[in-house]
Amino acid sequence: MTDFFEGINQIEIKAEAGDIRFPIFYRDARMFTLILPANLMKLRRMLPDPRFSPAQLVPGVGALTLTAFEYYDTDIQAYNEFSMGIVLNSPYFAPVPGYNLLRQYFADMFDVFIYHLPVTTELALRGGIDYYNYPKFLAGIEFSDTPDRVTCDLSREGEHLMTVSGPKVPASARGEMKFICNLYQYRQPQQAEFKLNVVEGAVQWLPSEVAWSFNTASDIGREMADCVLGNRAALYLYMPKIQCILYGPEHLSFQLLKLAMETGLEPPKPAAKPAAKKKKPAKPAKKSATSKRSR
């Protein structure tokens, strides 16, 4: 079996919260995702730039993603993460309702605008904000399991925000999958590729056994609840064993270069040339017998 991380050189940056290697390797993790029908006009208003175009399940209906990650072994230590995103039209396919999203599914490559990305550690927080401008904040992200289901509860400063849950459906190897994370940095669109090796995974359309609930007393819970349409998910991704690589950021601005140099990025040094071999002194020429006799 080929090593998923083979052939990728990493660089190290010294950050306040700890050293970070780029790209970031996630050697062992799990995740599950709910893709929910959502009000297209409300999704448009949530996006910071008109260049971000929401994909449509059907005309007038967009797609909201809720994804829970549990990272066991990474370059930035173990932590949990919860993503709230908006599926965008991929620039590689025609922006036709239904068609664009379906093509993303068959290509195993989803374009998603990351709207909120709470995490559980300071290192994950700082690395994501400083270099990508991921919309992160510290949160409580708790997983719980039964033999048949996985559940994730999200809270912030003790306030419950939402709960998502899904069945543990039969899973198998699915190869590589990509999420193109769309962000907004220095008032410009930014991107980062999040590549997955799906060691065990399954995908279900119109799943009947997933569940979600929002605490509408919280700002985030209320905003999510106001967007979602109906009580049936469009798509469910269950991936109990994955490996990941977070690349990018793709657009290297002068601000990012300055930040990287200030925080300890050093360009690779050329390999030292081997020292030149010292030439041995030439041996003096032997005097001929004729010259000896002439003395």
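The values are calculated or read from the model by the stated rules, or taken from the named source; none is laboratory data. All of these numbers come straight from a predicted model, not from anything done at the bench. No Cβ is skipped: glycine too gets one built from the backbone with ideal geometry, and neighbour counts run over all protein chains shown.
Summary of values
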{"read-out": "In the stretch 29-62, the residues that are among the aliphatic types (A, V, I, L, M) and over 14 Å from V228 (Cβ atoms)", "value": "A29, M31, L47, A55, V58"}
{"read-out": "V169 part of a loop (DSSP other than H, G, I, E, B), at pLDDT 95 or above, under 21 Å from D108 (Cα atoms) and among the aliphatic types (A, V, I, L, M)", "value": "yes"}
{"read-out": "Matching residues, the stretch 30-44, being under 24 Å from E193 (Cβ atoms) and surrounded by fewer than 22 Cβ atoms within 10 Å (Cβ to Cβ)", "value": "R30"}
{"read-out": "Any strands (runs of 3 or more DSSP E) falling wholly within the stretch 1-120 and containing at least 3 residues that are modelled with pLDDT of 95 or more", "value": "24-39, 61-74, 79-87, 109-116"}
{"read-out": "Check on S213, in contact with an Asp or Glu (Cβ under 6 Å, 6 or more places away or on another chain), farther than 19 Å from F110 by Cβ and touching a residue at least 12 places away in the same chain (Cβ under 8 Å)", "value": "no"}
{"read-out": "Selection from the stretch 80-100 of residues that are surrounded by fewer than 19 Cβ atoms within 10 Å (Cβ to Cβ) and in contact with a helix residue (DSSP H, G or I) (Cβ under 6 Å, 6 or more places away or on another chain)", "value": "F93"}
{"read-out": "The stretch 150-176: number of residues that are within 21 Å of the chain's Cα centre (by Cα), surrounded by 16 or more Cβ atoms within 10 Å (Cβ to Cβ) and either within 25 Å of I129 (Cβ to Cβ) or small (G, A, S) (or both)", "value": "4"}
{"read-out": "Residue within the stretch 179-186 that is closer than 15 Å to T33 by Cα, assigned to a strand (DSSP E or B) and either more than 20 Å from the chain's Cα centre (by Cα) or among the charged types (D, E, K, R) (or both) present", "value": "no"}
{"read-out": "Set A63, A55, A29: member being under 15 Å from the mean Cα position of the chain (by Cα) and among the small types (G, A, S)", "value": "A29"}
{"read-out": "Residues within the stretch 172-188 that are in contact with a strand residue (DSSP E or B) (Cβ under 8 Å, 6 or more places away or on another chain) and either over 24 Å from M224 (Cα atoms) or at pLDDT below 95 (or both), tallied", "value": "7"}
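Conditions tested, residue by residue: (1) more than 18 Å from the chain's Cα centre (by Cα); (2) in contact (Cβ under 8 Å) with a residue 12 or more places away in the chain; (3) surrounded by 14 or more Cβ atoms within 10 Å (Cβ to Cβ).
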residue: D219; (1), (2), (3): yes, no, no
residue: C227; (1), (2), (3): yes, yes, yes
residue: N231; (1), (2), (3): yes, no, no
residue: S253; (1), (2), (3): yes, yes, no
